[in-house]
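In what follows, a structure is listed as structure tokens, so that the remarks can point back to it.
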Amino acid sequence: MDIVTCHMVDARKFLLTIREQHYELEELKYERYLEENGLCIKVSNPARACISTGGSNDLSNIPVHIEQFMEQIVREEATLYQMRSQGKELISMLPDARGRAILKYYYIDFLTWEQVAMRIHLSPSRTFSSHRLALDELNQIIRTAWQQRLLDTLKIYCRKKDSSKQELRL
């Protein structure tokens with residue numbers, strides 16, 4: 001994964017974004033389910049009418065809404081899967097197996113903290129402290145890789161600049 005192009009410095013922010021995307025997707029699927037079954041209680045945009053004003057039994061807009069939900073769900077699922085694969089790559093950089101497991105269970109598999117603690121056979125407080133250490137270590141790995149990439153880019157730039165100066169002298 002190209003860390004510089006993703007501009008990731010804080011792994012926690014990226015991994016939390018994956019979790020948020022998952023929950024937003026689940027909410028969209030639920031709204032679609034409600035509209036498919038004529039139970040449109042809450043929609044994502046309260047200003048948008050769920051049923052047209054043609055009368056209490058007019059359901060003419062529902063197929064359009066469902067189609068829009070389906071398109072949005074497909075887009076968000078694609079984004080989520082891409083982010084999850086990037087998250088897996090990011091987590092795999094950790095040398096510590098326990099840290100990798102904690103981050104994977106929580107951010108990729110969407111388990112609760114209690115479920116994570118049970119899976120790795122630790123207390124919840126020990127799980128939290130291991131989580132914090134894993135995130136700190138992952139952020140350090142990212143920063144180091146980013147700095148190395150930046151140094152490599154600067155070296156290439158300096159070489160090009162020196163070679164252009166030599167060409168001018170000739």
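Its residue count N sets the reference 2.2 N^0.38 Å, and the alpha-carbon radius of gyration of the stretch 76-170 equals 1.65 times that reference. The alpha-carbon of Lys13 sits under 14 angstrom from the alpha-carbons of these aspartates and glutamates, leaving out residues fewer than 8 places away in its chain: Asp136.
Bear in mind that the values in this text are calculations on the coordinates, not laboratory data. Computed from a predicted structure; not experimentally measured.
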